[in-house]
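What follows is one structure encoded as structure tokens, with my remarks underneath.
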Amino acid sequence: PVRVSRRCGKRPIRVSFEFFPPKTDEAEEALWDSIHRLAPLGPDFVSVTYGAGGSTRERTQSTVTRLVRETALQPAAHLTCVGASRDEVDAVVRDYAAAGVNHIVALRGDPPGGVGAAYAPHPQGYQSTADLVRGIRDVAPFDVFVSAYPEKHPESPSLDHDLDVLQAKVDAGATRAITQFFFDNDVYFRFLDKVRARGIDIPIVPGVVPVQNFKQTAGFAARCGASVPNWLAERFEGLENDPATRRLIAAAVAAEQVIDLLDRGVRDFHFYTMNRADLVYAICHLLGMRPQAAEEGAEAGEDASASLPL
Ligand code: FAD
């Protein structure tokens, strides 16, 4: 198969895609169009988020089970423990085990008052994410993924405290961490150094958010403690009424970020797709990913041209 030269001699690139459960029939159609567009790239897994406070429980479960039923993709179901008893959480986990789901992204979740409000675990619930990871693994041998925060979680007193929490999640059985999104790759690499200095050796997969909508992304970033560099704001300046140019800028920004991560040794990428495929598809193409069918076509094309006299 044709591969970009960056892949030669290196560990293959693995990508994963994150989706959120749709609210309307129209959104559901858009989601499945995106899934069908991205699936041929052969992602390692695709994850489906769990709405704040478990508000999308049924929709997350039905999206995940549809992925199992109708595709060859490996779904990873996000699951939070905020506002739920252990029995309620365990029932969801058992349903996933019965449906043939192998991966769960285990999270604490935000307090009902939103980011910044005081967090209190449910009295009969899992007391921490590490506790949740252990509980999930007690139900079935799931591959459990967790979060990591290169710029520190907004509630955390220090990055060191975050690393203690990450260590506890790994000790409880987490096999991979997915980071909150970031725009300055140095922030990720500094964090990675600190994680490795602690002896934590699970993959710390960078979460990449293509900026499909700058205003919306800046709003998310403010809520989750990710910083938005001035240069990024400047690149989108004056384009509020120019969606076509915004899309081109978004592609350039995301390409710059992932190619730099790739050149600095990253091989696993998690994309926050916002249920839209085009930009993520293009970035994966830049990373050298090719859909199965197109690869076969490309090979056939190559063979044909190879037989022509030059
Ligand atoms: P943890 O890893 O348990 O903790 C994160 C940090 O918060 C800790 O490092 C610690 O410093 C601090 N902290 C936690 N508990 C305490 C405490 N009791 N006292 C003081 N400090 C504390 N949310 C959803 O609702 N649904 C989703 O599907 C979802 N998916 C996500 C996916 C990814 C990849 C990421 C990065 C986040 C996601 N979130 C999701 C958001 C997440 O639920 C929030 O960031 C939440 O506030 C923390 O959950 P966590 O599992 O990351 O927490």
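When the residues of segment 148-178 are filtered to those that are touching a residue at least 60 places away in the same chain (Cβ under 8 Å) and not charged (D, E, K, R), the one that is surrounded by the most Cβ atoms within 10 Å (Cβ to Cβ) is Ala174. Looking only at residues of segment 41-61 that are within 18 Å of the chain's Cα centre (by Cα) and surrounded by fewer than 18 Cβ atoms within 10 Å (Cβ to Cβ), we find that the one that is farthest from the ligand (Cβ to nearest atom) is Gly42. Ser34 satisfies every condition listed in (1) away from the ligand (no atom under 16 Å from the Cβ); (2) in contact with a helix residue (DSSP H, G or I) (Cβ under 7 Å, 6 or more places away or on another chain) except (2).
Apart from one condition, Ala118 fits all of (1) more than 28 Å from Arg196 (Cβ to Cβ); (2) away from the ligand (no atom under 14 Å from the Cβ); (3) assigned to a loop (DSSP other than H, G, I, E, B); the exception is (2).
Just give me the residues in segment 181-207 being surrounded by 19 or more Cβ atoms within 10 Å (Cβ to Cβ), more than 16 Å from the chain's Cα centre (by Cα) and among the β-branched types (Val, Ile, Thr), in sequence order. Val195, Ile200, listed by residue number. Each residue in segment 83-103 was checked for being more than 17 Å from Phe145 (Cα to Cα) and within 13 Å of the ligand (Cβ to nearest atom), and 2 of them qualify. Kindly indicate whether any position in segment 194-209 is within 14 Å of the ligand (Cβ to nearest atom) and part of a helix (DSSP H, G or I). The answer is yes; a qualifying residue exists.
State which residue is farthest from the ligand (Cβ to nearest atom) when the search covers only segment 121-158 and only residues that are outside any loop (DSSP other than H, G, I, E, B) and of a type in the set (D, E, K, R).
Keep residues of segment 121-158 that are outside any loop (DSSP other than H, G, I, E, B), which gives 129-139, 143-148.
Remaining after also requiring of a type in the set (D, E, K, R): 131, 134, 137-138, 143.
Numbers: Asp131: 9, Arg134: 13, Arg137: 16, Asp138: 18, Asp143: 15 Å.
Ranking the qualifying residues of segment 121-158, first place goes to Asp138.
Taking the criterion of being assigned to a loop (DSSP other than H, G, I, E, B) and within 24 Å of Asp44 (Cα to Cα), the residues of segment 159-193 that qualify are Ala172, Gly173, Gln180, Phe181, Phe182, Phe183.
When Ala97, Ala77, Ala106 are checked against the criterion of being over 24 Å from Val165 (Cβ atoms), among the small types (Gly, Ala, Ser), at pLDDT 95 or above and surrounded by 14 or more Cβ atoms within 10 Å (Cβ to Cβ), a single residue qualifies: Ala97.
Specify the residue that is farthest from Val208 (Cα to Cα); the eligible residues are those in segment 171-184 that are of a type outside the set (Phe, Trp, Tyr) and more than 11 Å from the ligand (Cβ to nearest atom).
So in segment 171-184, the residues of a type outside the set (Phe, Trp, Tyr) come out as 171-180, 184.
Within this subset, residues satisfying the condition of being more than 11 Å from the ligand (Cβ to nearest atom) are 171, 173, 175, 184.
Numbers: Asp171: 26, Gly173: 24, Thr175: 19, Asp184: 11 Å.
The selected residue is Asp171.
Hey, among Asp95, Asp131, Asp87, which residue is in contact (Cβ under 8 Å) with a residue 24 or more places away in the chain and closer than 23 Å to Ser16 by Cβ? Being in contact (Cβ under 8 Å) with a residue 24 or more places away in the chain and closer than 23 Å to Ser16 by Cβ holds for just one of Asp95, Asp131, Asp87, which is Asp95.
The values are calculated or read from the model by the stated rules, or taken from the named source; none is laboratory data. This is a predicted model, so every value here is computed, not measured. Please note: Cβ atoms are built from the backbone with ideal geometry, for glycine as well, and neighbour counts cover all protein chains shown.
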